[in-house]
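Asker: I am attaching a structure below and will ask some questions about it afterwards.
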Amino acid sequence: MMVKLLRSGKMELVMFFIVSSVLPWSILYAIKHAVMPEASTAQLWAIGTIVFTLTSVGFGYGVGRRQQSRIDALHLALKQAAQGNLAVRLPEREGYSLGAAYAEFNELASKLERRLQVMQRQNEMHVLQQAASNEEAVLEERKRLARDLHDTVSQQLFAIHMSASSLPKLLAASPERAGEVMEQLITMSSHAQKQMRGLIAQLRPLELEGRSLEDALERWFPDYCRQNGLQGELDWRVQGSISEAKEHQLFLIVQEAMANVVKHAQATSVTLSLSDNRTGLTMLLQDDGHGFRADQVRPGSYGLSTMQERALQLGGDAAIVSKPGGGTRIRVSLPNYGAEERAEG
């Protein structure tokens, strides 16, 4: 019977019964025969009650603390799993009152990790197949560049044309006002030229071809920052290897994010960092621009939807954190599901 109780996770209850029943009577027996042999029955009952109460409270508190620590461990494991760390496991020991729950959690995490590993591999193959489809990629790139040209350079040139058309009349009517318009024309033309340089830089052959992501970023990122008047800092802290699909998606995300910085942030410096750990890969892009409030952004603006789609294809996520006057931070996370198994295979 004792073995069954221990195996069913009732060790604490058994120990509580033994300690709370045997120990007080043992202490009472010692008091009666060694400490207070002349104690009356009433005194012994009072001392026994106190000893029994203190023993029960103390042991019960200890058992409660152990149970609470095990519940906290289960809660922490659930939080880590919810954040994408499916490699977390709980110790399965006989005698644990939560042993069955621990085992169920470990089995669930293992099954989910294996399924997500298969899904991630399939999505990586899909990403590479998409990248190999040159015709569709070229068409998509043309659409994006046409949209960017219309939203930026085209509007700037139209504004320059309208201002320049009114300049002869302004020179005759108000030379001072004409001077102000001239200054505006210089500013707008400089801005349009800056945006055009950025678009031309994006028309170059993909810098990632034939290179690792680290080599491509070390080549492309400083050049892009210099062309757009930004002070750029690249912090590469990735120790492990990166799959080809992840490198492809991350490079496109960085390009999209940097285009948004140039287009919207009015920043002077930007920091790009990439790091990894046991659970995945993280990219952070931080600028010192004017920032924005969340309610000022239209759904799909700032390229967030495109970046999120690229990250979601590999089981990850992309998020933007910004506040007025405090710059903008873009964070992209790509988890590793079963990375050790992949490396062994």
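Taken together, the values in this text are just the output of simple stated rules run on the coordinates, not laboratory data. These numbers come from a predicted model, not from an experiment. All Cβ positions, even for glycine, are placed from backbone atoms using ideal geometry, and neighbour counts span all protein chains on display.
Asker: In a shell of Cβ-Cβ distance under 12 Å around A101, excluding A101 itself, what net charge do Lys and Arg (+1) and Asp and Glu (-1) give?
Answerer: -2
Asker: A further question on this structure: Describe numerically, in nm with one decimal, the distance between label points set 7 Å from Cα along Cα→Cβ at I71 and at T271.
Answerer: Reported label-point gap for I71 and T271 is 4.1 nm.
Asker: Can you work out the Karplus-derived ³J(HN,Hα) for every residue in the stretch 218-224? Use 6.51 cos²θ - 1.76 cosθ + 1.60 with θ = phi - 60°, whole Hz, and x for glycine or proline.
Answerer: Here the 3J(HN,Hα) series is 5, 8, 7, 4, x, 5, 5 Hz.
Asker: Take each of the peptides 172-178, 217-223, 73-79, average the number of other beta-carbon atoms within 10 Å over its residues, and list them starting from the highest.
Answerer: Values: 172-178: 10.7, 217-223: 17.0, 73-79: 13.6.
Packing order, densest peptide first, comes out as 217-223, 73-79, 172-178.
Asker: By how many nm would the segment from Q80 to E309 grow when fully extended, if each residue of separation counts as 0.36 nm and the alpha-carbon distance is taken off?
Answerer: Once the chain is fully extended between Q80 and E309, it gains 80.1 nm.
Asker: Would you please give the residues with an amide H less than 5 Å from that of L281, counting only those at least 5 places away or on a separate chain, with H modeled from the backbone geometry?
Answerer: L334, N336
Asker: How many nm separate the modelled label positions at L284 and M162, each set 7 Å beyond the Cα in the direction of the Cβ?
Answerer: Distance between label points: 4.2 nm.
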